[in-house]
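Only one structure is covered here, and it is reproduced in the block below.
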Amino acid sequence: MPKFSTLLTKSNITAVAIGHFDGVHRGHKQLLKQLGEFGGLVVIDKNKANLTPKLKRAEYLNYPCFLYDFEAIKNLSGDEFIALLKRDFKNLAKIVVGYDFRFGRNRAWDKHDLKRIFDGEVVVVDEYCFEGKGVHSSTIRELIKLGDAREANKLLGREYSVEGQVVSGQGLGKSKLVPTLNLELYGYLPPKQGVYATRTKIANVTYGSVTFVGNRISTDGVFSVETHIIGVNLEQTPQSVAVCFVARLRDNMKFQSLNELKEQILKDIKNANEFTGYCELNL
């Protein structure tokens with residue numbers, strides 16, 4: 001896939017792919033293969049994307065993204081929508097869409113109408129399957145809700161990642177359990193409650209980690225996302241981190257004491273490290 005120029009703007013883009021692109025999965029990347037050097041993404045944003053919110057999509061797409069607010073365009077006819085794109089992208093010569101693409105008011109126009117309305121090249125990409133499964137954002141969401149990070153990652157073609165601001169927690173981790181970074185997520189779909197082997201990215205460095213997602217039923221009952229960096233003592237608390245989910249290790253469990261909880265956390269760290277393999281453990 002070509003690396004797009006940071007100088008690309010609507011005025012010099014010649015090809016666009018249109019869609020929601022939430023998740024930026026293997027299927028989406030089949031559309032990107034049709035774009036060429038001067039391509040871009042027209043992202044129809046319903047403000048409901050929770051796998052890759054807003055412009056996070058651009059980090060995985062390697063092409064510039066141009067967000068169109070669904071509420072602002074939903075009443076346009078198919079002809080009016082294409083006319084809008086032609087005004088915005090002066091040199092538009094190619095439009096790439098998926099096999100089930102529909103557009104315009106009440107989604108009344110389809111790929112056949114697109115070929116009739118648009119006077120340039122129209123490329124329609126067939127459904128993409130991986131290991132016998134159709135690759136769709138809705139399928140990936142369900143897998144994440146079920147906690148099946150490994151299967152979701154197969155369809156994504158990468159590890160499912162969330163980003164969050166680091167906030168103050170209970171204070172129990174550092175003093176009585178193990179130190180954790182407590183994340184506040186905005187706009188992301190959290191996986192099913194439980195403990196996961198993860199990779200945590202701080203600035204430009206990635207560490208093996210173990211991450212808890214869920215209500216802290218052994219202590220205060222509050223929902224939290226807490227990640228422990230394996231084998232590393234951070235000198236400073238970062239402002240934000242990204243967490244990539246590798247595999248689910250166990251369910252959320254209630255423990256009768258902090259000692260019992262700590263014993264399980266140490267087991268979780270060992271199990272997570274087998275997936276991430278980042279360091280020698282001395283627990």
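One line per residue, one yes/no per condition, for (1) modelled with pLDDT under 95; (2) closer than 24 Å to D69 by Cβ; (3) among the hydrophobic types (A, V, I, L, M, F, W, C); (4) in the same structural domain as D22 (by the TED database):
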| site | (1), (2), (3), (4) |
| --- | --- |
| F103 | no, yes, yes, yes |
| D110 | no, yes, no, yes |
| I117 | no, yes, yes, yes |
| E121 | no, no, no, yes |
| K145 | no, no, no, no |
| A152 | no, no, yes, no |
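Quick check on my filter: what residues within the range 13-34 are under 17 Å from G120 (Cα atoms) and touching a Lys or Arg at 6+ places or on another chain (Cβ under 8 Å)?
T14, A15, V16, Q34
Out of the residues in the range 156-168 that are under 12 Å from the mean Cα position of the chain (by Cα) and of a type in the set (A, V, I, L, M), state the one that is farthest from G23 (Cα to Cα). Break it down into steps so the answer makes sense when it comes.
Kept after step one, since they are under 12 Å from the mean Cα position of the chain (by Cα), are these residues of the range 156-168: 156-163.
Filter again for of a type in the set (A, V, I, L, M), leaving 156, 162.
Values: L156: 7, V162: 11 Å.
Across the range 156-168, the extreme among qualifying residues is V162.
Quick check on the range 227-235. Is at least one of its residues among the β-branched types (V, I, T), assigned by the TED database to the domain that holds P179, modelled with pLDDT of 90 or more and under 16 Å from K192 (Cα atoms)? Full working, then the answer.
First, pick out the residues of the range 227-235 that are among the β-branched types (V, I, T): 227, 229-230, 232.
Retained after the next criterion (residues that are assigned by the TED database to the domain that holds P179): 227, 229-230, 232.
From what's left, modelled with pLDDT of 90 or more: 227, 229-230.
Next cut, under 16 Å from K192 (Cα atoms) only: 227.
For the range 227-235, residues among the β-branched types (V, I, T), assigned by the TED database to the domain that holds P179, modelled with pLDDT of 90 or more and under 16 Å from K192 (Cα atoms): present.
Give the residues of the range 211-238 that are open to solvent by 30 Å² or more (accessible area, probe 1.4 Å) and touching a strand residue (DSSP E or B) at 6+ places or on another chain (Cβ under 8 Å), sorted by residue number. Outline the logic, then answer.
To start, the set of residues in the range 211-238 that are open to solvent by 30 Å² or more (accessible area, probe 1.4 Å) comprises 212, 215-223, 226, 231-237.
Hits for the range 211-238 are F212, N215, R216, G221, V222, F223, E226, G231, V232, L234, T237.
Would you check if there is a residue in the range 20-34 being over 21 Å from S138 (Cα atoms), out of contact with any Pro (no Cβ under 8 Å at 6 or more places or on another chain) and either open to solvent by 60 Å² or more (accessible area, probe 1.4 Å) or not aliphatic (A, V, I, L, M) (or both)? Walk me through how you get there before you give the answer.
To start, the set of residues in the range 20-34 that are over 21 Å from S138 (Cα atoms) comprises 33-34.
Remaining after also requiring out of contact with any Pro (no Cβ under 8 Å at 6 or more places or on another chain): 33-34.
Filter once more, keeping what is either open to solvent by 60 Å² or more (accessible area, probe 1.4 Å) or not aliphatic (A, V, I, L, M) (or both): 33-34.
So far as the range 20-34 goes, yes, one or more of its residues are over 21 Å from S138 (Cα atoms), out of contact with any Pro (no Cβ under 8 Å at 6 or more places or on another chain) and either open to solvent by 60 Å² or more (accessible area, probe 1.4 Å) or not aliphatic (A, V, I, L, M) (or both).
Of all the residues that make up the range 239-264, how many are in contact (Cβ under 8 Å) with a residue 60 or more places away in the chain and either part of a strand (DSSP E or B) or open to solvent by 30 Å² or more (accessible area, probe 1.4 Å) (or both)?
Within the range 239-264, the first condition is being in contact (Cβ under 8 Å) with a residue 60 or more places away in the chain, and the residues that meet it are 239-248, 258, 261-262.
In the following step, the residues that additionally are either part of a strand (DSSP E or B) or open to solvent by 30 Å² or more (accessible area, probe 1.4 Å) (or both) were identified as 239-248, 258, 262.
Number of matching residues: 12.
In the range 189-209, which residues are farther than 18 Å from T52 by Cα, open to solvent by 10 Å² or more (accessible area, probe 1.4 Å) and either basic (K, R) or in contact with a Ser or Thr (Cβ under 9 Å, 6 or more places away or on another chain) (or both)?
Correct list: I202, T206, Y207.
What is the one condition in (1) open to solvent by 30 Å² or more (accessible area, probe 1.4 Å); (2) under 30 Å from V243 (Cβ atoms) that I117 does not satisfy?
Here I117 clears every test but (2).
If you check every pair at least six apart or on different chains, which have Cβ atoms under 7 Å apart with a residue in the range 224-238 that is in a loop (DSSP other than H, G, I, E, B) first and a residue that is of a type in the set (F, W, Y) second?
Going by the 7 Å Cβ cut-off, the qualifying pairs are I230/Y207; I230/Y278; G231/Y278; V232/Y207.
Can you tell me which residue in the range 37-69 is farthest from I13 (Cα to Cα), limited to those that are surrounded by fewer than 14 Cβ atoms within 10 Å (Cβ to Cβ) and more than 16 Å from the chain's Cα centre (by Cα)?
D69
Restricting to the range 125-135, name every residue that is surrounded by 18 or more Cβ atoms within 10 Å (Cβ to Cβ) and assigned to a loop (DSSP other than H, G, I, E, B).
Initially, the range 125-135 is screened for residues surrounded by 18 or more Cβ atoms within 10 Å (Cβ to Cβ), giving 125, 128, 135.
Matches in the range 125-135: Y128, V135.
Looking for something assigned to a loop (DSSP other than H, G, I, E, B) and over 21 Å from the mean Cα position of the chain (by Cα) - is there at least one such residue anywhere in the range 199-216? Let's see the steps before the verdict.
To start, the set of residues in the range 199-216 that are assigned to a loop (DSSP other than H, G, I, E, B) comprises 203-204, 216.
Filter again for over 21 Å from the mean Cα position of the chain (by Cα), leaving 216.
Yes; the residues of the range 199-216 include at least one that is assigned to a loop (DSSP other than H, G, I, E, B) and over 21 Å from the mean Cα position of the chain (by Cα).
Counting residues that are closer than 22 Å to C129 by Cα and in contact with a helix residue (DSSP H, G or I) (Cβ under 7 Å, 6 or more places away or on another chain), which helices (runs of 4 or more DSSP H) fully inside the range 1-111 reach at least 2?
On the way: elements: 26-32, 57-61, 70-73, 78-88.
Correct list: 26-32.
The values are calculated or read from the model by the stated rules, or taken from the named source; none is laboratory data. Quick caveat: nothing in here was measured; it's all calculated off a predicted structure. Counting neighbours? That spans all protein chains shown, and the Cβs are built from the backbone with ideal geometry, glycine included. Just the protein is used for accessible areas: all its heavy atoms, side chains included, with ligands, DNA and RNA removed. Shrake-Rupley method; radii C 1.70, N 1.55, O 1.52, S 1.80 Å.
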